[in-house]
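Participant: I am attaching a structure below and will ask some questions about it afterwards.
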Amino acid sequence: MKRPLFLAPQTYRQRRLRDAARILPVLAAFLLILPMLWGDEASDIRQTGSDGIYLFVVWFLLIVSAALLARRLSSEPDGVDAASPKDKK
Amino acid sequence: MPFNLLVVAALAYVISLFCVAFVVERRAEIGAAGWLRSPLVYTLSLSVYCTAWTFYGAVGYAARSGLEFLTIYLGPTIVFVGWWWVLRKLVRIGRQHRVTSIADLISSRYGKSNLLGVIVTVMCVMAATPYIALQLQSVTLSFGVFASATTDGWAKPNGDVTSIWVTAGLAVFTILFGTRNLDANEQHTGVVTAIAVEAVVKLVALVAVGCFVVWGIADGPRDILARIDASEMANWHMKPSRWTGLIFLSAAAVICLPRMFQVLVVENSDERHLATASWAFPLYVMIMSLFVVPIAVVGLELMPEGANPDLFVLTLPLAQGQGGLAMLAFLGGFSSATSMVIVASIALATMVSNHIVMPFWLSLRPAKAVPGDVRRLILLSRRLSIGAILALGYAYYKVSGGSEALASIGLISFVGVAQILPAMLGGLFWRGATRVGAVLGLCFGFAIWGYTLFLPSFGAEAALSAQVMTEGPFGITWLRPQALFGVTGMDPLIHALFWSITLNTLIFCAGSLVSFPSPVERVQGAAFVNAFDAEPGGGQGWTAQGEAGAEDLLVMAQRILGDDEALGFFEAQAVMQGKVGYLPDPTAGFIEQLERRLAGAVGAATAHAMISQIVGRTAVSVEDLMAVANEAAQIMEYSAKLEEQQDALTRSARQLRDANDKLTQLSVQKDAFLSQISHELRTPMTSIRAFSEILTEGDLPPELVTKYGLVIHQETKRLTRLLDDLLDLSVLESGTVQLNLDLSSLRSMIDAALQSASHTRPERSFVIHRDLPGEEVFLRTDSDRLTQVFINLISNARKYCDSDAPELRISVRRKGGRVTVDFIDNGSGIPKDKQSLIFEKFARLTDQTKAGGAGLGLAICREVMANLGGTISYLPGQWGGAFRVTLPLRLEKPKA
């Protein structure tokens, strides 16, 4: 199935919005696994206070971005889903 | 606090929840659900993820392992934030196929295979058992903590009695809640709302305890941070394998846990709610875990040495004299436990009744029409299943001793359900995933889980002997349960997770690659993987049956859906088909709709089996597909044949048209010839008659008599010649001509022909180009006839060549055993449209009377040549009129 090469700006924005929604969990996983790389190589001892603050701040930011994305995504007209590029081969 | 007060409070709480559920279902029945089906309620109901394990256990987990407890909430956060990937598709498929449970999803995806349904059900029940035991344990513990403080009121029963009572109470409660009726699509609005209320209670309780700790005991967040740094929790051990492994595990569990699947997919009433839940649920769990570390730190600081950190949420307010807050905390923990047990046992009971009891019952009674009230049977089987599941949980609690930390029990359960993940994700995104692969992967992963994690969890010497644990079965060290294949450096949980998921996935993929899916499986696979492309449009291939089928279907549907609902559904379908009454035609579309509807109540596999019993065939078979393919091939072949025939027809039509054109032209020619020949005959006849009349009158001078006699003689000769020609032609055509074969030189024949032809229009002087050496050929043929042909051709040239300086070239060529003689003049030749006519009888190109012939010359030539075994043809493309005579060098076999 042939898809058009150029899209209307609005459709283009929506597609990128979906891309963002797909990238977000990858970013989340990266940021949440990041603390593994901190501290001395030799020991696995970490500071509870600072790590906790980092994790909760990241968590909160993820929630805020997810909320923003969800709002924009759910205001899409119905039926656009059907053309979702992910689900087409 | 008095034990009796505690019991009264718990009962009052349960009864109020029951009232909420009851009122909500009433409202839903009259169609006034309204805000009850809002994204908020949906999100709150998802909080069944946070069980008593979260409520009590997280604090203990934090006290023991620092921030590692967060992994249990970070995994679900990633999944929900990434809802566009998996959850959206899961919910869409769940709604499209009216999935009733996770076992139903897997079974439906892999060709409505009940075997898979059974496997997943058994796995889920086994994995849920420790989890339920965990809830029982935490409720029992919390009762114990509370009631120990005082001695007034009822005497506090010991832990065993409490746990039995708790189990029984939860069973009754769940049966009352979850199996009051059989919903068409397995949604429990009332229960969901009650769960949402419980979610609020536990959130409020935990936040209240947290606020009390942060602002009541400590002096705000800054002080808490200082206390963290000062406490023994200031440092924690970050083990990378556990950190990533547990995040992955909790992410897998949040979609694979039967209770999560129930609230996430089955109870979902609107796909758009998921968008809200994508951020609201992570927010909920974040708030739930926000105060865990402060409570743990302050608890460790204030509580006496050796106090169970799992119960700090309860004991800390109690020790501080906050009875009311402790009561709230108790109710929060109680909520967490009950909501988990209710939803989990409803989900498991649905699976057990749909995938084990119903198929078993159907196989016992293979009668076509379904007798008895299936609804009651289903409800009964669900109630019994709930009881059995809780009894199993209780048994596990008793066997495992209830002494372990809460968190580790929960994680065992997580690893068990995570085994479903490969089959589920593979089914959603890979069309090549097959039933065989799924069965193998699930069984293998589950076996490894049981061997490396579940059985050892019963404690040393309980299920596996200490010898097996340390030396492996039969002394094979690389099969030690906690060090498979010699991997010894891993934490036992991560070890089990790693090996079970890795091997599960590998075997699932390998099994899928080498096996071949059945047609139903392929149809379902395409419908699942391409869930967003379109509403699934059938493909199940139910064939239309007679009117009797519709009635049987109605009887069955009534027994599953209930009279009103079934009749309403059938009537609506009949109206859609444009019929009056309750019996729609059992078209393929209708049967599929009905199957979906029934699948909402009893699961896809069972619904499929029941309909198959009545309709009498199970979906598409390979034979059907082959037949369809054959039919298509036949149609193609047929159309190819038709095309061929059409081509042939076109060809013959063209030939006919050509022939017709020729005939028409000939007919015109013939008419012209007839008038010509009658004229030709008439002219001499007229003069013969006139002169003979004059002669008969007498009295004529003798010279006139002689003259007239001569005229008559000449005219008679002309007539005779004409008639000779006609006679000659008819003899030649009939093939009865007598040939006089002799050997003669071509040159002498051409000489003779030129000599004879010079009498034709002798006034014209022709330049003749001859090829004398080439003419030195001796032919064995009828020389007189051949000369006649040459004479004809030469005199034709003399007659018709319209050049001012006429020339005639005669060239001779030998080729093989044949000789060709070309006669080419320099006139204007014969126009193309006449070329096909010139050899026909009576053909005359012009009306020129000067030609004088009857138009038989070339026709005679053609017949002569045919008799001599040769041909004569017009040579197009020369500079003038050109004829080619081809004849054999030796005519071997004279005719006649």
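The values are calculated or read from the model by the stated rules, or taken from the named source; none is laboratory data. The structure presented is a predicted model; accordingly, all values stated were derived computationally and were not measured. Here Cβ is always computed from backbone atoms with ideal geometry, including for glycine, and neighbour counts include all displayed protein chains. These accessible areas exclude ligands, DNA and RNA; they are computed on the full protein's heavy atoms, side chains included. Shrake-Rupley method; radii C 1.70, N 1.55, O 1.52, S 1.80 Å.
Participant: Please verify whether B:Phe69 is aromatic (Phe, Trp, Tyr) and open to solvent by 30 Å² or more (accessible area, probe 1.4 Å), treating the condition exactly as stated.
Facilitator: no
Participant: Another question, then. Test B:Val213 against the criterion of being away from chain A (no Cβ under 12 Å) and crowded, with 20+ Cβ neighbours inside 10 Å, and give yes or no.
Facilitator: yes
Participant: For segment B:85-112, enumerate the residues that are open to solvent by less than 10 Å² (accessible area, probe 1.4 Å) and either of a type in the set (Ser, Thr, Tyr) or within 14 Å of chain A (Cβ to nearest Cβ) (or both).
Facilitator: B:Leu87, B:Lys89, B:Leu90, B:Val91, B:Ile93, B:Thr100, B:Ser101, B:Ser107, B:Ser108, B:Tyr110
Participant: To continue, here is another question. Quick check, is B:Ala208 more than 14 Å from chain A (Cβ to nearest Cβ), part of a helix (DSSP H, G or I) and open to solvent by 10 Å² or more (accessible area, probe 1.4 Å)?
Facilitator: Yes; evaluated as a whole, the condition is true for this residue.
Participant: Examine segment A:35-55 for a residue that is modelled with pLDDT of 90 or more, out of contact with any strand residue (DSSP E or B) (no Cβ under 7 Å at 6 or more places or on another chain) and at the interface with another protein chain (Cβ under 7 Å from one of its Cβ atoms), and state whether such a residue exists.
Facilitator: yes
Participant: Ok, one more. Is one or more of the residues making up segment B:707-717 in contact (Cβ under 8 Å) with a residue 24 or more places away in the chain, open to solvent by less than 60 Å² (accessible area, probe 1.4 Å), in a helix (DSSP H, G or I) and not β-branched (Val, Ile, Thr)?
Facilitator: yes
Participant: Test B:Gly589 against the stated conditions and say whether it is open to solvent by less than 60 Å² (accessible area, probe 1.4 Å), modelled with pLDDT under 70 and either part of a loop (DSSP other than H, G, I, E, B) or closer than 18 Å to B:Ser612 by Cα (or both).
Facilitator: no
Participant: Considering only helices (runs of 4 or more DSSP H) fully contained in segment B:226-304, which possess at least 2 residues that are more than 13 Å from chain A (Cβ to nearest Cβ)?
Facilitator: Those helices (runs of 4 or more DSSP H) span B:240-256, B:258-261, B:292-302.
Participant: Inside segment B:59-84, can you point out the residues that are within 12 Å of chain A (Cβ to nearest Cβ) and among the hydrophobic types (A, V, I, L, M, F, W, C)?
Facilitator: Within segment B:59-84, the subset within 12 Å of chain A (Cβ to nearest Cβ) is B:62-63, B:65-71, B:73-84.
If the condition is that a residue be within 12 Å of chain A (Cβ to nearest Cβ) and among the hydrophobic types (A, V, I, L, M, F, W, C), then B:Ala62, B:Ala63, B:Leu67, B:Phe69, B:Leu70, B:Leu74, B:Ile78, B:Val79, B:Phe80, B:Val81, B:Trp83, B:Trp84 are the ones that fit.
Participant: Being at pLDDT 80 or above, open to solvent by 70 Å² or more (accessible area, probe 1.4 Å) and among the β-branched types (Val, Ile, Thr) is the filter here; which residues of segment B:729-773 pass it?
Facilitator: Correct list: B:Val767 only.
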